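Only the coordinates and a few stated rules stand behind these numbers; no lab work does. Bear in mind that the values here come from a model prediction, so they are computed numbers and not experimental data. So basically every Cβ, Gly included, is an ideal-geometry build from the backbone, and we count neighbours across all protein chains shown.
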Amino acid sequence: MGDRDAKRALLEQFARVAKAVAHAGRLELVELLAQGERSVDELAVLTETGVTTVSARLQGLRGARLVETRREGTRVFYRLAGDDVAALLVAVRDVAGAHLGDVASAAQRYLGDDDVESIDRNELLRRAANGDVVVVDVRPGVEYRAGHVPGSVSIPLEELEARLDELPENVEIVAYCRGPYCVFAHDAVRRLHRVGRHARRLADGWPEWQLAGLPVAAGAEPGRIKGRRAGRARDQRP
């Protein structure tokens, strides 16, 4: 029979990871880093949190080896230590959604009424292959450059209204962002509906796309708008 103290010591190592993510602020940082690496200053702006607080939270994640760093001059950039960390975030979110009734009400308060129709990855892949949809990445441009769905067009949410003329009027638009609880895609679809465009959101988001082993692209290369019923196709630069 195994030694109880040895088993407890092993479980304590597992608990280091659980403790590291058992904080809403640290989970938010993991969600952001699942989109690509960021500096402490960038994370502070995105989370509307002081640099000192963000640094402390990052150290908590680093202590559990969930994030890694690189230095560029005087700036330190953080990234997830591996895809398994993004998978952990997804698992925590999915388990909470399956077992905690409060998740649905909290999500509704944040995302708005559940009036935004979604499309799953399989349908999106099929329709994109046929040229039946335009895929729009509504995350910030820096996240698009770090990694995106191949062929998608980068139009950050705050630029959407000003760039509507770049989107063909007679093809469905599918917007995606950071995940199923990311408000950008929900807002994008609602804005597109208000101007009479046919739009849906991807049911999940970029991290889930990566974790599914689907093709990915990176950099600032243009996404080509495709659509068999579009008046004309054109290249779009982020």
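Tell me the relative contact order for the chain as a rounded percent, counting alpha carbon contacts under 8 Å between residues six or more apart.
Across the chain, relative contact order equals 18 percent.
Sort the following peptides by mean Cβ neighbour count (other Cβ atoms within 10 Å, averaged over residues), highest first: 177-185, 160-168.
Numbers: 177-185: 21.9, 160-168: 14.6.
Most protected by this proxy first, the peptides run 177-185, 160-168.
How many angstrom lie between the Cα centre of segment 1-16 and the Cα centre of segment 146-207?
Each part reduced to its Cα centre gives a spacing of 47 Å.
Could you size up the charge dipole of segment 1-61 around its Cα centre, putting +1 on the beta carbon of Lys and Arg and -1 on that of Asp and Glu, and report it in debye to the nearest 20?
380 debye
Let's test the formula: R0 of 41 Å, r as the Cβ-Cβ distance of ASP3 and GLU158. What FRET efficiency results, to the nearest 0.05?
0.10
Taking 0.36 nm per intervening residue step and subtracting the Cα-Cα distance, what contour gain separates ARG62 from VAL216 on full extension?
52.8 nm
Under a point-charge model restricted to the Cβ atoms of Lys and Arg (+1) and Asp and Glu (-1), what is the dipole moment magnitude of segment 75-140 relative to its Cα centre, in debye to the nearest 20?
Once rounded to the nearest 20, the dipole reads 420 debye.
Putting +1 on Lys and Arg Cβ atoms and -1 on Asp and Glu Cβ atoms, find which of ALA81, PRO140, ASN170 reaches farthest to the positive end of the dipole of the chain.
Toward the positive end, the furthest listed residue is ALA81.
Please work out whether the chain counts as rounded, prolate or oblate from its C-alpha gyration tensor, where a ≥ b ≥ c are the square roots of the eigenvalues and a/c under 1.5 means rounded, while otherwise a/b larger than b/c means prolate and anything else oblate?
The shape class here is prolate.
Looking at GLY50, GLN35, VAL17, which one has the Cα that reaches farthest to the positive end of the dipole of segment 4-87 (charges on Cβ: Lys, Arg +1; Asp, Glu -1)?
The residue sitting farthest along the positive end of the dipole is VAL17.
Rg/Rh for segment 4-87 to two decimals, with Rh computed the Kirkwood way over all alpha-carbon pairs. Don't skip to the answer; put the middle values down first.
Values: Rg = 13.7 Å, Rh = 13.3 Å.
My calculation of the ratio gives 1.03.
Using the Cα centre as the reference, give the magnitude of the dipole from point charges on the C-beta atoms of the chain (Lys, Arg: +1; Asp, Glu: -1; all else neutral), rounded to the nearest 20 debye.
Computed about the Cα centre, the dipole is about 420 debye.
Once every DSSP H run of n ≥ 4 in the chain is given -39500 (n - 2.57) and the sum is divided by its residues, what mean residue ellipticity at 222 nm do you get, rounded to the nearest 500 deg cm²/dmol? Display every interim value, and only then the final one.
Working: 10 runs with 109 residues, N = 238.
When only DSSP H runs of four or more count, the value is -14000 deg cm²/dmol.
Residue by residue through segment 81-92, what is 3J(HN,Hα) from phi via Karplus (6.51 cos²θ - 1.76 cosθ + 1.60, θ = phi - 60°)? Round to whole Hz and write x for glycine and proline.
Result, rounded to whole Hz: 6, x, 4, 5, 6, 4, 5, 5, 4, 4, 5, 4.
Using the number of other C-beta atoms within 10 angstrom as an exposure proxy, rank GLU48, GLU37 with the fewest first.
GLU48, GLU37
How tilted is helix 183-194 with respect to the longest principal axis of the chain? Cα atoms for both, answer in degrees (0 to 90, nearest 10).
Once rounded, the angle reads 20 degrees.
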